[in-house]
Amino acid sequence: MGIDSSTPEQPWPGIDMSVFDFLKTAGVFRALIKVNPETGLGVSQDNPDFEQIKLLTMKNMSSPAMKDELQELSNSFADSRGLTYPKNMPVLLFVADNDRNQKNWLEMHQDQVRGLDKGDLIQLPGAHYLHHTQMETIVKETTKFLEN
């Protein structure tokens, strides 16, 4: 199961973390989240977990673990080019309907499930953090997928 997951064929330009370090140190991230929390955090202020998500985001933004993960993505994308799921592996993908950062986002995910014995793709309204905004739908659809 993937929730707005990366695909082997998506472009990866890399990320210069020094910009993020500066933005965090200068307080720009904090200001962006205060002005527009739904965009900055991917969750609305009426969400019962809003404060916890905000605290964790601010704590982890530009952390050594996050930097290592983003650095390793360059290797991971290169190593995964051309890979596909085994035909008999059940795959359920949830894809955000408004990812403006990646051209052909939906099509890349459709390619991943095409030709699988049991491959489903569910497009959901929202941005990348679907697990914050679509958790009930994800649980319902996952349960249905596993029961069939």
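Determine which member of the set Lys54, Lys67 is within 22 Å of Ser6 (Cα to Cα), charged (D, E, K, R), assigned to a helix (DSSP H, G or I) and in contact (Cβ under 8 Å) with a residue 12 or more places away in the chain.
Lys67
Can you run down the residue pairs with Cβ atoms below 6 Å, 6 or more apart or on separate chains, where the first is in segment 1-26 and under 17 Å from Tyr129 (Cβ atoms) and the partner is at pLDDT below 85?
Pairs found: Asp4/His128.
From the list Asn88, Asn75, Asn60, which residue is exposed (fewer than 15 other Cβ atoms within 10 Å of the Cβ), touching an Asp or Glu at 6+ places or on another chain (Cβ under 6 Å) and at negative phi?
On inspection, the qualifying residue turns out to be Asn88.
The values are calculated or read from the model by the stated rules, or taken from the named source; none is laboratory data. Small disclaimer: the values here were computed from a predicted structure and weren't measured. Heads up, the Cβs are rebuilt from the backbone with ideal geometry, glycines too, and the neighbour counts pull from every protein chain shown.
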